[in-house]
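Encoded as structure tokens, the structure appears first; notes follow it.
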Amino acid sequence: MSDTELNQLDMEALPGLLLVDDEANVLSSLKRLFRKSNCNVFIANSGQEAIEILNQQPIDVIVSDARMPEMSGPEFLAIAAEQHPDTVRILLTGYADMQAVVDAVNLGRVSHYVEKPWDDEKLKGLVEDAFVAIIFKKKNEYLQSLIEEQNKKLTLMNETLEATVKERTRKIIEINGALQENYRNTIDLFANLLDMRNPKSNIKVPDIITLVTDIAETLALPQRDLVHLIRAAKMRYMSQVSFADELIRTPYALLSKEQRHEYEQYPLKGATLLSNIRPLVPVADIILRHKEYLNGKGYPKREKEESISKSAQILTVANDYVELITGRMLETPLNHLDAIDYLDSKSGSYYSAPAVEALKSSLLTAKIGKPIVDHRILTTQLAEGMILGRDLKNHNGDSLLPKGTKLANSAIMILVELERSAQQEFQLFVDIPAELEVSKKLLKSLKC
């Protein structure tokens, strides 16, 4: 049985009234007075007997005479107050027993005292008012216990619900992760199949995914857009699966008018295929416009800059660079420098100027994979973010910068100027942190 059910039973039980007096006729009178009252009446002719009843029966109100042998009313009520503090205690006393009243107030903490001979209606009123107060108190306690129990149930339900939600969320994340992994694997597989169809180049071709990622990071493209851009780079040629080998292997500049018309539809066909797959709609938009140029001289729709997203502009630069050096675009393949010059010559008209500059930066720099410690280096090879591995001194032995100094561009410029003025090289030793971008020439020398 729960605490709430016990409290409810306790609340529904009749209140208990204990009448205490050493005179039998007084007890009889009191008992007759409360005979019709809605309560359980108990009587005791001494304080000791009253204590035994208190310990055995549920008593709510005590009416006790003040003057009794062996244990006075105030003494008894003091014990009752200590052992049963929730009881309402009423003292019956003679007019001359003021000391008994004082004692009862001080020791027994009585609620009321009534002078003998008592007024029946007044005494009944006091007891019934006490019963009403007790009933209200019990109801309040019952409601409080009910609230507490409901709160416990709600807490348990919330904890259970939270655990269920967490578990289901975990499963959803796990399933979503698996779907995403399968999704990526499918795209990669399809991209590899497309790559097998393309003509093989005799030169080392930069990875277009690396190129678009480097350009996007330089231009602060949002991460979500970068994900779509990478997928577009992988799947940009998907509609070329249906092309004849001759159409793929012939440079665009050497295609006939009819062939060129057919070839120029590949971005539109690829975008149309992907636009039916909701997660790939942004990818389809990039593929659709990755051969459009800022001046409207691209294809398939001759759209201009305002219609071409930043992501599509990035892919245009990276894709055309790859096509220039692999021979898919002009009559003959270009080397790296000529391809960069070609893009530079059309920067701002055909291509996004920031994207072209970012491509050049990507091709000229690379990130350090593992940290390099205490490496001898020239001032012309210094890069912001390098850390001095040893104290730097001038040619007279004077200290310039202490070991551990992280070099900024301003400090590097000063060191270059000082070295030029002295016409002697500094003995520079640096630590190069992992992920720091340095020139590819320096990176090559570090690996030697």
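Is it true that some residue in segment 255-262 is within 38 Å of the chain's Cα centre (by Cα) and surrounded by 16 or more Cβ atoms within 10 Å (Cβ to Cβ)? It would help to see each step written out before you state the result.
At the first step, the residues of segment 255-262 found to be within 38 Å of the chain's Cα centre (by Cα) are none.
Checking segment 255-262: not a single residue is within 38 Å of the chain's Cα centre (by Cα) and surrounded by 16 or more Cβ atoms within 10 Å (Cβ to Cβ).
The one condition from (1) crowded, with 20+ Cβ neighbours inside 10 Å; (2) assigned to a helix (DSSP H, G or I) that E292 does not meet is (2). Exactly one residue out of K200, K139, K171 is more than 21 Å from Q240 (Cα to Cα) and either surrounded by 15 or more Cβ atoms within 10 Å (Cβ to Cβ) or modelled with pLDDT under 85 (or both), and it is K171.
So for segment 7-25 (the condition being part of a helix (DSSP H, G or I) and at pLDDT 90 or above), does at least one residue qualify? Spell out how you get there, then give the answer.
Applying the first criterion (part of a helix (DSSP H, G or I)) to segment 7-25 yields 7-12, 24-25.
Now drop any that are not at pLDDT 90 or above, which leaves 24-25.
Yes, the conditions are met somewhere in segment 7-25.
Please work out which residue is farthest from S361 (Cα to Cα), limiting yourself to segment 382-430 and to residues that are out of contact with any strand residue (DSSP E or B) (no Cβ under 7 Å at 6 or more places or on another chain) and of a type in the set (S, T, N, Q). Looking at the filtered set, the residue picked out is N396.
Please determine whether any residue of segment 324-335 is at pLDDT below 95, polar (S, T, N, Q) and either closer than 21 Å to P354 by Cβ or surrounded by fewer than 18 Cβ atoms within 10 Å (Cβ to Cβ) (or both). Within segment 324-335 (the criterion being at pLDDT below 95, polar (S, T, N, Q) and either closer than 21 Å to P354 by Cβ or surrounded by fewer than 18 Cβ atoms within 10 Å (Cβ to Cβ) (or both)), the answer is yes, since at least one residue qualifies. In this structure, is I377 in contact (Cβ under 8 Å) with a residue 40 or more places away in the chain and touching a Leu at 6+ places or on another chain (Cβ under 9 Å)? Considered against the rule, which asks whether it is in contact (Cβ under 8 Å) with a residue 40 or more places away in the chain and touching a Leu at 6+ places or on another chain (Cβ under 9 Å), I377 comes out as yes. Filtering segment 264-286 to residues that are touching a residue at least 12 places away in the same chain (Cβ under 8 Å) and hydrophobic (A, V, I, L, M, F, W, C) leaves L268, A271, L273, L274, L280, V283, A284, I286. Among the residues of segment 341-355, some residue qualifies, meaning at least one is of a type outside the set (A, V, I, L, M, F, W, C), under 17 Å from A233 (Cβ atoms) and modelled with pLDDT of 95 or more.
For segment 268-280, check the following and say yes or no: at least one residue is part of a loop (DSSP other than H, G, I, E, B) and on the phi > 0 side of the Ramachandran plot.
Filtering segment 268-280 down to residues part of a loop (DSSP other than H, G, I, E, B) leaves 275-277.
With the extra rule that they be on the phi > 0 side of the Ramachandran plot, the set shrinks to none.
Taking every residue of segment 268-280 in turn, none turns out to be part of a loop (DSSP other than H, G, I, E, B) and on the phi > 0 side of the Ramachandran plot.
Once segment 406-439 is narrowed to residues that are among the β-branched types (V, I, T) and in contact with an Asp or Glu (Cβ under 9 Å, 6 or more places away or on another chain), the residue that is modelled with the highest pLDDT is V430. Considering only residues that are modelled with pLDDT of 85 or more, exposed (fewer than 13 other Cβ atoms within 10 Å of the Cβ) and outside any strand (DSSP E or B), which ones fall in segment 362-402? Listed by number, the list holds a single entry, P402.
If you scan segment 403-428, which residues turn out to be on the phi < 0 side of the Ramachandran plot, part of a loop (DSSP other than H, G, I, E, B) and not basic (K, R)?
Just the residues of segment 403-428 that are on the phi < 0 side of the Ramachandran plot, to begin with: 403, 405-422, 424-428.
Add one more test, that the residue is part of a loop (DSSP other than H, G, I, E, B), and what stays is 403, 405, 407-408, 424-427.
Listed by number, the residues that qualify are T405, L407, A408, Q424, E425, F426, Q427.
Within segment 310-326, not a single residue is among the aliphatic types (A, V, I, L, M), out of contact with any Ser or Thr (no Cβ under 8 Å at 6 or more places or on another chain), within 18 Å of E264 (Cβ to Cβ) and not in a helix (DSSP H, G or I). Report yes if some residue within segment 364-376 is among the polar types (S, T, N, Q) and touching an Asp or Glu at 6+ places or on another chain (Cβ under 8 Å); otherwise report no. Yes; the residues of segment 364-376 include at least one that is among the polar types (S, T, N, Q) and touching an Asp or Glu at 6+ places or on another chain (Cβ under 8 Å).
The values are calculated or read from the model by the stated rules, or taken from the named source; none is laboratory data. This one's a predicted model, so the numbers in the text were calculated from it and none came from an experiment. Every residue, glycine among them, receives a Cβ derived from its backbone with ideal geometry; neighbour counts consider all protein chains shown.
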